[in-house]
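Read the structure below first, then the notes.
No lab work stands behind these numbers, since they all come straight from the coordinates. All figures in this text were calculated on a predicted structure; none of them were measured in a lab. Positions of Cβ are generated from backbone atoms using ideal geometry, with glycine treated the same way; all protein chains shown enter the neighbour counts.
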Amino acid sequence: MINPTEYLPKSYHTRVSTYWWLTRWPYLKFILREASSVFVAWIVIVTLLQIQALSRGPADYAEFQNWLRNPLVLLLNVVSFFFVVFHAVTWFNLAPKAMAIRLRGNRLPNLAISGPNYIAWVVISAAVAWILLRG
Amino acid sequence: MANRITLEVTRYNPAHDDKPHFETYEVPLRKEWVVLDALNYIKDHLDGSLSFRWSCRMGVCGSCGMMVNGVPKLTCATFLSDYAPGPLRVEPMKNFPVLRDLVVDTSDFLVKLGKSKPWIIRKVEKPLDEEYFQTPEQLESYKQFSMCINCLLCYAACPVYGLDPLFSGPAAIALAQRYNLDSRDEGASDRMDILSQHDGIWGCTFVGECTEVCPKHVDPAGAIQQYKLTATMEWVKSLILPRGAE
Amino acid sequence: MLDISSHDIVLVGGGGAGLRAAIAISETNPQLSVAVVSKVYPMRSHTVAAEGGAAGIHLADDTLDEHAYDTISGGDWLCDQDAVEAFVKEAPLELMRLEHWGCPWSREPDGHVAVRPFGGMKKTRTWFAADKTGFHILHTLFQTSLKYDAVTRYDEYFVTRLLVDDGRVQGVVALELTTGKIQAITAKAVILCTGGCGRVFRFTTNAAICTGDGMALAYRAGAPLKDMEFVQYHPTGLPFTGILITEAARAEGGYLLNKDGYRYLQDYKLGTPEPQPVLRTMELGPRDRLSQAFVHELEKGRTVEGPYGAVVNLDLRHLGAKTINTKLPFVRELCLKYEHIDPITQLIPVRPVVHYMMGGVHTDINGATPLPGLYAAGEVACVSINGANRLGSNSLPELLVFGARAGHAAATYAAEQKSTGRHLLAQAVDEEARLQDQFLQKSGGREPIADLREEMQKIMEQCAGIYRSGEALAGAAGKLHSLQERFQDIRLDDRGHLFNTELISALELSCMLDVAETMAESARQRTESRGAHQRTDYPERNDEKFLAHSVVYRDADGRPQVEYAPVTITRWPPAERVYGK
């Protein structure tokens, strides 16, 4: 089917502002969520550097720990920690939306999918913390 | 509660305006009035030249979508008293070209809707004396996505559509998914070819505002993410099993 | 600005009937080019608001004759029985066709299409899609129609007149809303599918767009309107807004209670109250009798005084949350939103509201009007299968059955036509000039559109309501005529071309005034009471004189002239309408 109007009216195209994401809180939350992946990447890099320092011996590792105590690095890591938590929480909350699993005709509630993720997160974090802090 | 409220309404007539501007109107504030009642009051008693779309005034035809204080709403289902003491701002739906006052050009959506092939696709149709049996569970699986009234509030809320007008958009994709999930349909692969593209489902970054503003709880964001999951599975399957081995 | 295009068939209106006709034409003869010209995008058509269901025999113990009898008796014997017989036969096939096109009919646990009881029907035969049947039917039809390349849509084009030459209809003149351009569309046949005219009244379930445009177009072109005095009041509309609360609420078992909590319908020969709904009894009686019962309760002082006038209460509490949420979710949503009431725990205030127009453009069993080339289908038409009162859930299948019939008939007719008239372009130019002179270029004008419209609505509400009297109707006819004269002095704030909705409102008002005049005059001349037309001065049915359709033509002075035409009776001779047994 085609609409044959050929005479195009003069319509007004509102330009989307570069700061569209500041106009409403849901948009800002979205951008922060997306930006959190940068901080997740940073934590991965720190972890890799940590592993590298560990493999090179105690002297290198001590230097690495000193670097971690640098106020700027510390601030960045604290901020990153909050963003990683934000990232994980938003991810776990969104996951059920993508999966419509039905049991006996009724859709599983969101908590049935996000719940196990949270539990696994807590359990694994606790296990890792116990291993690392034990010694 | 005061008995008057002020509305700031976008006015634009391409015949003599370069761009839209606001005009202020004062209308009665009645507790049973919705924003649409206020707009009709303005048109009937204050300024007959105010143009806007409306029809059913019960939230089922999808005509009256506008921005109310920056949020896409059906003006027939938005109560004036929720904005008291006001003023409240009524603008045409975002992300669409403005034709006149509160009226936007939605023809782009009609094109995208057609591209989704929103009809039952079958190799062989059953004759009229045979029913396609569909259990209530099968009906449930797509029912939510069939509730879309095409009000386009989701397009007004979607920043991707605002920045990239080629994006198919929430309603068009949700409708495709509605047919994909319908047990009577056999056209999922046809639609997959069309929609599993950069401007199709992969343009969506799951902002999720479309679902938030949807007045019929269709959850288009959910439809798109589910579609992405299906598309990914299909892609993995196509790597493992070559085409024709289905 | 004038543009001209040409198609084989033009459909005016893109709702259920229009889209079904378009599909029918494309399937019968894919060579024919079809134009669907609608003043709104098709999915905004008022079919979308229908809630309850669509009737078609389905269960093993149901028969065509019973559906026919229910319809004919429901219509107080004013229905053309040959049309009814064709209708009840084709209705189930059309509904099944929709099922094949993807309509999400509600189902039984075993996968069969489910049916529910409905008012005035002795057997259970109403197919439904939750309580948004019209919405699902319209969207299924619209989406299916997108498959056909031969169908061209003219969205947001308002048809202002029919092109008539050589004694036949050969197209339309339409105003393109977006640009103000006049579009002449020539065709070999035109099918009107523009719906009803509820907005002629103050208080209606109908949307803003239901302004009787097609009826006025036909009337002005010389085609007659039929049975215009028969206006259906739906018993349960919300106060203030007039929003429809579907009959399905009563079919599922809702009760109507007066201010004493009494199921008052038992006082009006509608049977005795049972806890479960009984077909053709009490709350499942026909709509005209239920609305009339309200008026009697009001006169007895037994209605509830609400902030917007008298109401009665619809009680759904005993149905339980599960039934309400599965079978009546939209009803619950509407009550919560517009009345801040939860039907699971509270009573819903309701009152009769204007809902449907039994009358309309006179057509035969194939949708053809006496004017060659002009067809009509749906609420705009009067075949008549609804007679003096329509049964709930007969209107949606009517769109499908007669949309398809008119489509086929128009396709056959169009294929036979060769030449087009020579005066069509001149007529289009005249129309453009008329719109300029009468509306856009005219300065001055002292009558605001809203004032004239409100006066018309008030007159109709008072004089052509559920109960009418000869005196009030004569007064109404006179007042409406003076409104027509005042309309010549209409005031427009908006004289531009671009998306001028004020001009459209004015054009719609002129259609409504024409239609209102025919309604008042037809009602004044029918001195009997039948179905939805109740005269306080003539309270009995008079089969001797009035077992006939009123047919109204526009005379040379523009005034309605009423004649009478016989009703086709085949197998069901007129009898008494009995409910409650």
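Which of the residues belonging to segment C:398-426 are assigned to a helix (DSSP H, G or I) and over 22 Å from C:Ser26 (Cβ atoms)? Quick ask: steps written out before the conclusion?
Applying the first criterion (assigned to a helix (DSSP H, G or I)) to segment C:398-426 yields C:398-416, C:424-426.
Listed by number, the residues that qualify are C:Leu424, C:Leu425, C:Ala426.
If a residue has to be crowded, with 24+ Cβ neighbours inside 10 Å, more than 19 Å from the chain's Cα centre (by Cα) and β-branched (Val, Ile, Thr) to count, how many in segment C:1-22 make the cut?
So the count comes out to 2.
Could you check segment B:1-96 for strands (runs of 3 or more DSSP E) lying wholly inside it with 3 or more residues that are surrounded by 15 or more Cβ atoms within 10 Å (Cβ to Cβ) and not charged (D, E, K, R)?
Values: elements: B:4-11, B:21-28, B:65-68, B:71-74, B:88-91.
Qualifying strands (runs of 3 or more DSSP E): B:4-11, B:65-68, B:71-74.
Write out, first by first residue and then by second, each pair whose Cβ atoms fall under 7 Å of each other, whose residues are 6+ apart or on separate chains, and whose first residue, in segment A:18-30, is facing another protein chain (nearest Cβ under 7 Å) while the second is surrounded by 13 or more Cβ atoms within 10 Å (Cβ to Cβ) and outside any helix (DSSP H, G or I).
Cβ pairs passing all conditions: A:Phe30/B:Val207.
Can you name every residue in segment C:245-254 that is buried (at least 24 other Cβ atoms within 10 Å of the Cβ) and of a type outside the set (Asp, Glu)? Write out each step before concluding.
Here is the first cut: in segment C:245-254, the ones buried (at least 24 other Cβ atoms within 10 Å of the Cβ) are C:245-251, C:254.
Across segment C:245-254, the qualifying residues are C:Ile245, C:Thr246, C:Ala248, C:Ala249, C:Arg250, C:Ala251, C:Gly254.
Please verify whether B:Ala171 is crowded, with 24+ Cβ neighbours inside 10 Å, away from chain C (no Cβ under 13 Å) and touching a residue at least 60 places away in the same chain (Cβ under 8 Å), treating the condition exactly as stated. Show your work before the answer.
Working: crowded, with 24+ Cβ neighbours inside 10 Å: yes; away from chain C (no Cβ under 13 Å): no; touching a residue at least 60 places away in the same chain (Cβ under 8 Å): yes.
Answer is no for this residue.
Return the total of residues in segment B:125-136 being of a type outside the set (A, V, I, L, M, F, W, C) and within 12 Å of C:Pro104 (Cα to Cα). Steps first, answer last, please.
Step one: filter segment B:125-136 for residues of a type outside the set (A, V, I, L, M, F, W, C), giving B:125-127, B:129-132, B:134-136.
Subsequent filtering for residues that are within 12 Å of C:Pro104 (Cα to Cα) retains B:132, B:134-136.
The total comes to 4.
Looking only at segment C:136-148, decide whether some residue is more than 13 Å from every other protein chain (Cβ to nearest Cβ) and over 30 Å from C:Pro329 (Cβ atoms).
We begin by selecting, within segment C:136-148, every residue more than 13 Å from every other protein chain (Cβ to nearest Cβ); these are none.
No, segment C:136-148 contains no residue that is more than 13 Å from every other protein chain (Cβ to nearest Cβ) and over 30 Å from C:Pro329 (Cβ atoms).
Working carefully through the options C:Leu316, C:Leu257, find the one that is touching a strand residue (DSSP E or B) at 6+ places or on another chain (Cβ under 8 Å), touching a residue at least 60 places away in the same chain (Cβ under 8 Å), over 30 Å from C:Ser550 (Cβ atoms) and crowded, with 23+ Cβ neighbours inside 10 Å. Spell out the reasoning first.
Details: C:Leu257 fails: crowded, with 23+ Cβ neighbours inside 10 Å.
None of the other options fit; the residue is C:Leu316.
Please verify whether C:Leu59 is away from chain B (no Cβ under 14 Å), surrounded by fewer than 24 Cβ atoms within 10 Å (Cβ to Cβ) and over 20 Å from the mean Cα position of the chain (by Cα), treating the condition exactly as stated. I'd like the intermediate steps shown before the answer.
Working: away from chain B (no Cβ under 14 Å): no; surrounded by fewer than 24 Cβ atoms within 10 Å (Cβ to Cβ): yes; over 20 Å from the mean Cα position of the chain (by Cα): yes.
So C:Leu59 fails the test.
For segment C:94-118, which residues satisfy the criterion of being part of a loop (DSSP other than H, G, I, E, B) and over 14 Å from C:Gln143 (Cβ atoms)? Break it down stepwise before answering.
Within segment C:94-118, the first condition is being part of a loop (DSSP other than H, G, I, E, B), and the residues that meet it are C:101-106, C:108-112, C:114, C:117-118.
C:Trp105, C:Ser106, C:Glu108, C:Pro109, C:Asp110, C:Gly111, C:His112, C:Ala114, C:Pro117, C:Phe118, listed by residue number.
Does segment C:203-216 contain at least one residue that is surrounded by fewer than 24 Cβ atoms within 10 Å (Cβ to Cβ) and farther than 20 Å from C:Phe499 by Cβ?
Scanning segment C:203-216 turns up at least one residue that is surrounded by fewer than 24 Cβ atoms within 10 Å (Cβ to Cβ) and farther than 20 Å from C:Phe499 by Cβ.
With the requirement that a residue be facing chain C (nearest Cβ under 7 Å) and under 12 Å from B:Leu102 (Cβ atoms), what does segment B:53-76 give you?
Answer for segment B:53-76, where residues must be facing chain C (nearest Cβ under 7 Å) and under 12 Å from B:Leu102 (Cβ atoms): B:Trp54, B:Ser63.
Name the pairs: first residue in segment B:93-112 and closer than 11 Å to B:Tyr155 by Cα and facing chain A (nearest Cβ under 9 Å), second residue part of a helix (DSSP H, G or I) and not hydroxyl-bearing (Ser, Thr, Tyr), Cβ to Cβ under 7 Å, at least 6 apart or on different chains?
Once the first residue is closer than 11 Å to B:Tyr155 by Cα and facing chain A (nearest Cβ under 9 Å) and sits in segment B:93-112, its partners that are part of a helix (DSSP H, G or I) and not hydroxyl-bearing (Ser, Thr, Tyr) give B:Lys94/B:Ala156; B:Lys94/B:Gly162; B:Asn95/B:Ala156; B:Asn95/B:Gly162.
Of the residues C:Trp105, C:Trp127, which single one is crowded, with 24+ Cβ neighbours inside 10 Å and free of Cβ contacts under 8 Å to residues at least 40 places away in the same chain? Can you show your working first?
Values: C:Trp127 fails: free of Cβ contacts under 8 Å to residues at least 40 places away in the same chain.
Selected residue: C:Trp105, the only one of C:Trp105, C:Trp127 that is crowded, with 24+ Cβ neighbours inside 10 Å and free of Cβ contacts under 8 Å to residues at least 40 places away in the same chain.
Specify the residue that is nearest to C:His296 (Cα to Cα); the eligible residues are those in segment C:490-540 that are among the basic types (Lys, Arg) and within 14 Å of chain B (Cβ to nearest Cβ). Spell out how you get there, then give the answer.
Within segment C:490-540, the subset among the basic types (Lys, Arg) is C:491, C:495, C:524, C:526, C:530, C:535.
The next check asks that each one be within 14 Å of chain B (Cβ to nearest Cβ); those that pass are C:491, C:495.
Working: C:Arg491: 41, C:Arg495: 48 Å.
Filtering first and then ranking leaves C:Arg491.
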